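Colleague: There's a structure below that I have some questions on.
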Amino acid sequence: AKKKAACPGLGLFYTLVSAFLFSVASLFLKKIEDVHSVEISAFRCIFQMAFVLPGLIYYKTGFLGPKGKRIFLFLRGFLGSGAMILLYYAFQVMPLADATVITFSSPVFTSLLAWIFLKEKYSLWDLLFTLFTVTGVVLIARPPFLFGSKFTGIEGSYADHLKGTIAAVASAISAASTFVILRKMGKSVHYFLSIWYYAVIGLIECIIALFVIDEWSLPYCGTDRVLLILIGLIGLGGQIFLTKALQIEKAGPVAIMKTMDVVFAFILQIVFLHHLPTWWTVGGALCVVASSSGTVLRKWQQNS
C-alpha cells in the first residue's frame, strides 16, 4: 500500500496555531492583576508536570535521565524555567508587543552562544544581525540619554518599563542558552524528560522566589482563577502544536512562521488592551524580526 502523502503546509499551520495560542495566553496574563508573575509561572509548571508525568510512565524514561546528561538537564530546566519567569514579569510591567518583540531576539543570542560554547561558525552576517537586534531593543527601551526624558506609549513608569526590558532581554538570553544545551544533548534524551526537568525545577524556583518576596496568595477573584487555568491549558496547547510542527516540518520555515507571534501580539494589544504601539516599537520590531529571521534563514541554508 502506498504511504499517504502528508498535507502540504500542515506543519506551518500548526506553527500558526501555536503562535496564536501563545499570544492569547500572554493576553490573559496581562488581564490578571492581583497575582504575581512568579506565582503564575508556578501554576504553569504544575500543569506541565501533570501533562508530562503520564508520558514519562508510558515511555519508561525514568525521572532522572542518563547519568552523563543530568547536569545538562538540570541547566536546561533552570535556564528554561528562568526564561519563562522573566518573560511573565516582562509581560506584566510593559506593553505586550514590546515584550514579545524583545524575546524574538533569542535566535541571534543562540548563534552567539553556540559560537562561544559549541565552536560553531560565527560570520560577519551573524555580527550584523546581532547589531540589528541590539538596535531594535534600544528603540523599544528608549534610554533617556538617547531619547530624552519624555516618554509615550509605555505602561506605568519608565522604571517599570526599563525593568521589563531587562527581564525580556534576560529571558531571551536564557532561552538561547537552553537551545544551546539541547543542541549539546542531541537526541539522546527523550523530549518528555526535558520538559519534566523544566517543570520540576521551575516549580522549585518559583516556590523559593515566592517565599523570598512574600507574594504567595491565592487569587481573590474568580475570573483570575479561570484565567490561571486557561493560561496553563492554552500554553500547553501551544507547546503541543509547536512540537507537532517541528516533527513534520523543517526548523527554518517553522522559525520564520513563528514570527507571527509578534503580529498577533500587536493585534491583541490594540483590540483588547486598547494600547496603540508607538513608531519606536514598530521600528524595533522590524529590526528584531528581520535579524532573527535572517539568522534562522542563514542557519537553515548552511544546514541544507
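Colleague: Looking at Ile40, Ile140, Ile46, Ile102 in this structure, which one is touching an Asp or Glu at 6+ places or on another chain (Cβ under 7 Å) and either in contact (Cβ under 8 Å) with a residue 12 or more places away in the chain or of a type in the set (Asp, Glu) (or both)?
Modeller: Answer to the check: Ile140.
Colleague: Moving to a separate point now. Could you please let me know if Val137 is hydrophobic (A, V, I, L, M, F, W, C), over 30 Å from Trp300 (Cβ atoms) and out of contact with any His (no Cβ under 6 Å at 6 or more places or on another chain)?
Modeller: Here the answer is no, as Val137 does not meet what is asked.
Colleague: Do we have Ile166 as open to solvent by less than 30 Å² (accessible area, probe 1.4 Å), at pLDDT 80 or above and of a type in the set (A, V, I, L, M) here?
Modeller: No: the conditions fail for Ile166.
Colleague: Ok, one more. When the residues of region 216-234 are narrowed to those that are assigned to a loop (DSSP other than H, G, I, E, B) and either open to solvent by 80 Å² or more (accessible area, probe 1.4 Å) or free of Cβ contacts under 8 Å to residues at least 60 places away in the same chain (or both), which ends up farthest from Arg44 (Cα to Cα)?
Modeller: Within region 216-234, the match that is farthest from Arg44 (Cα to Cα) is Tyr220.
The values are calculated or read from the model by the stated rules, or taken from the named source; none is laboratory data. Being a predicted model, the structure only gives us computed values, none of them experimental. Virtual Cβ from ideal backbone geometry, glycine too; neighbours counted across all protein chains shown. The area values use the complete protein model at the heavy-atom level, side chains included, leaving out ligands, DNA and RNA. Shrake-Rupley method; radii C 1.70, N 1.55, O 1.52, S 1.80 Å.
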